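The values are calculated or read from the model by the stated rules, or taken from the named source; none is laboratory data. Note that the structure is a prediction, hence the values are computed from the model and not measured. Please note: Cβ atoms are built from the backbone with ideal geometry, for glycine as well, and neighbour counts cover all protein chains shown.
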Amino acid sequence: MAQLYFYYSSMNAGKSTHLLQSSYNYNECGLRTILFTAQIDDRYTKGKVSSRLGIDADAKLFDLKTDIYNEVKLIQTKEAIACVLIDEAQFLTKEQVSQLTEVVDELNIPVLAYGIRTDFLGQTFSGSAALLAWADKLVELKTICHCGRKANFVIRLNSDGQAATHGEQVEIGGNERYQALCRKHFKEYVNLQ
């Protein structure tokens, strides 16, 4: 029976690497996967899921209007799909998460979604909130804060290298803009401003 998995973490926990490894494992067994990634994420090559380790794979792009269920259903009419993998799942809409449940429940295809749980202010992304509510399995991928504790949060750094305390929820960036922190250090940084 297919299930919807949500693999979540703060930044730098290896979500994309884990996704690529999962896809590779399916493909190694002769099973076809479909990868999706957020069109808004322009840090790497468009149409690819990329890991900081230097590995990547082709992916379909999704934006706020993409009907993932219908895209998967159309592809499935031409060839069997063993698994759908979603990178940057925090950028999904609530409706798209509902579509993923239909991929699982109606098409009987497992879905593995990977994303960040909260933004730089500790607020849940809408896609992540829907996945936390609707996923069959929740899996936390762990990374560490500079102090050695588990990092649950991220801060956004402004141009002066200080923690930003306001701004748009979505600003694309990597290690030059964001830092993973434990709750204790997150609260210290955010309260400094």
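Would you check if Lys48 is more than 22 Å from Lys142 (Cα to Cα) and in contact with an Asp or Glu (Cβ under 6 Å, 6 or more places away or on another chain)? Spell out how you get there, then give the answer.
Values: more than 22 Å from Lys142 (Cα to Cα): yes; in contact with an Asp or Glu (Cβ under 6 Å, 6 or more places away or on another chain): yes.
The answer is yes for Lys48.
Considering only residues of the stretch 101-117 that are over 14 Å from Ser22 (Cβ atoms) and within 14 Å of the chain's Cα centre (by Cα), which is surrounded by the most Cβ atoms within 10 Å (Cβ to Cβ)?
Residue satisfying both the conditions and the ranking: Ile116.
A quick yes/no check of all residues on (1) within 20 Å of Ser126 (Cα to Cα); (2) surrounded by fewer than 16 Cβ atoms within 10 Å (Cβ to Cβ):
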| residue | (1), (2) |
| --- | --- |
| Gly14 | no, no |
| Ser23 | no, no |
| Ala38 | yes, no |
| Thr77 | no, yes |
| Ala89 | yes, no |
| Gln96 | yes, no |
| Gln99 | yes, no |
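For the stretch 115-122, indicate whether the set of residues that are over 23 Å from Ser51 (Cα atoms), among the polar types (S, T, N, Q) and not in a helix (DSSP H, G or I) is non-empty. Reasoning before the result, please.
Just the residues of the stretch 115-122 that are over 23 Å from Ser51 (Cα atoms), to begin with: 121-122.
Then drop every residue that is not among the polar types (S, T, N, Q), which leaves none.
No: zero hits.
Name the residue that is farthest from Ile86 (Cα to Cα), counting only residues in the stretch 28-55 that are touching a helix residue (DSSP H, G or I) at 6+ places or on another chain (Cβ under 7 Å) and modelled with pLDDT of 80 or more. It would help to see each step written out before you state the result.
Residues of the stretch 28-55 that are touching a helix residue (DSSP H, G or I) at 6+ places or on another chain (Cβ under 7 Å), as a first pass: 33-36, 38, 40, 49-51, 53, 55.
Remaining after also requiring modelled with pLDDT of 80 or more: 33-36, 38.
Numbers: Thr33: 11, Ile34: 9, Leu35: 6, Phe36: 5, Ala38: 8 Å.
Here the residue is Thr33.
Among the residues of the stretch 88-110, count how many are at pLDDT 95 or above and in a loop (DSSP other than H, G, I, E, B).
Residues meeting the conditions: 7.
Please go through the stretch 122-150 and give me each residue that is exposed (fewer than 13 other Cβ atoms within 10 Å of the Cβ) and among the charged types (D, E, K, R), ordered by number.
Within the stretch 122-150, Lys137, Lys142 qualify.
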